[in-house]
Ligand code: ATP
Ligand code: ZN
């Protein structure tokens, strides 16, 4: 299917990375109209198709070579990479560049009444997270054992609901933590959005288009700095 010659780019359908990803493509001169009902948007002026999916699906689509490029948060990319390494699935892609949006950090946080000295204070306790692999890597490096509480959503309410002692979740301002009676104790990973490319060999025409896009992205983002 990707033999159609059109470049396939995966972007988040709706969420924190969608608007900025589309804005960046538009400022690179890629024209397209989004139909909310449609998974694919075809560009009118370049041989490019946009695939609009959940952000969690993007690293896998790129690593499996289903799409050529993807806009994704490094946090989701690295979590998926760690997961796939364990499953012996293709787990590599090229990071073409970091982008200047989607900045956030993955942090440990505990209830305000918790007396916290260091990550070792969490020894043997239960930690709720949607990022089990990034958490495990961090805790293994520190030599701390803990118990998992895997949640895809509502992580920040887990301590109050009695499901976990602390959490490991994404933070940008800290307002959500505060609203849930939690405070940030340790940053375990810093992330921004990035542009990734599949390892699959491209036709010269497609690679030339990727190079052109990347050079435009470089000019656009440099102008913003
Ligand atoms: P989807 O429906 O596509 O799965 P989602 O709910 O998983 O969406 P968003 O909340 O839209 O995802 O976040 C997408 C990405 O935006 C995160 O993975 C992260 O890289 C970045 N991000 C930036 N700031 C934040 C924040 N404060 N909280 C969560 N994610 C953030
Ligand atoms: Zn998601």
Report summary line: Scanning the stretch 81-114 residue by residue, those under 11 Å from residue 185 (Cβ atoms) and without any contact (Cβ under 8 Å) to a residue 60 or more places away in the chain turn out to be 114
Requested in this report: Would you mind telling me which numbered condition in (1) closer than 22 Å to residue 95 by Cβ; (2) part of a strand (DSSP E or B); (3) away from ligand 2 (no atom under 16 Å from the Cβ) residue 42 fails?
Outcome: (1)
Query raised in the report: Taking the stretch 153-184 on its own, how many of its residues are closer than 17 Å to residue 104 by Cβ and under 22 Å from the mean Cα position of the chain (by Cα)?
Result: 15
Report summary line: Reported set for the stretch 3-34 where residues are out of contact with any helix residue (DSSP H, G or I) (no Cβ under 7 Å at 6 or more places or on another chain), within 15 Å of ligand 1 (Cβ to nearest atom) and part of a helix (DSSP H, G or I) is 18, 19, 20, 21, 22, 23
Requested in this report: For residue 173, work out the one condition from (1) touching a strand residue (DSSP E or B) at 6+ places or on another chain (Cβ under 8 Å); (2) modelled with pLDDT under 95; (3) exposed (fewer than 15 other Cβ atoms within 10 Å of the Cβ) it doesn't fulfil.
Outcome: (1)
Report task. Determine whether residue 122 is under 29 Å from residue 163 (Cα atoms), away from ligand 2 (no atom under 16 Å from the Cβ) and touching a residue at least 12 places away in the same chain (Cβ under 8 Å). Result -> yes
Query raised in the report: Failed condition for residue 196, given (1) surrounded by 19 or more Cβ atoms within 10 Å (Cβ to Cβ); (2) over 22 Å from residue 78 (Cβ atoms); (3) assigned by TED's automatic domain parsing to the domain that holds residue 45, with all others met?
Result: (2)
**Report entry** Subset of the stretch 46-88 that is buried (at least 17 other Cβ atoms within 10 Å of the Cβ) and more than 16 Å from ligand 1 (Cβ to nearest atom) - its residue that is nearest to residue 202 (Cα to Cα)
**Finding:** 68
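Take the conditions in contact with a strand residue (DSSP E or B) (Cβ under 7 Å, 6 or more places away or on another chain), more than 16 Å from ligand 2 (Cβ to nearest atom) and on the phi < 0 side of the Ramachandran plot and apply them to residue 64. Does it pass? Outline the logic, then answer.
Values: in contact with a strand residue (DSSP E or B) (Cβ under 7 Å, 6 or more places away or on another chain): no; more than 16 Å from ligand 2 (Cβ to nearest atom): yes; on the phi < 0 side of the Ramachandran plot: yes.
So residue 64 does not fit the description; no.
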Query raised in the report: Quick check: is even one residue across the stretch 157-166 within 16 Å of residue 189 (Cα to Cα), surrounded by fewer than 15 Cβ atoms within 10 Å (Cβ to Cβ) and either touching a strand residue (DSSP E or B) at 6+ places or on another chain (Cβ under 8 Å) or free of Cβ contacts under 8 Å to residues at least 60 places away in the same chain (or both)?
Result: no
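The values are calculated or read from the model by the stated rules, or taken from the named source; none is laboratory data. Predicted, not measured: the structure shown is a model, and the values here were computed from it. All Cβ positions, even for glycine, are placed from backbone atoms using ideal geometry, and neighbour counts span all protein chains on display.
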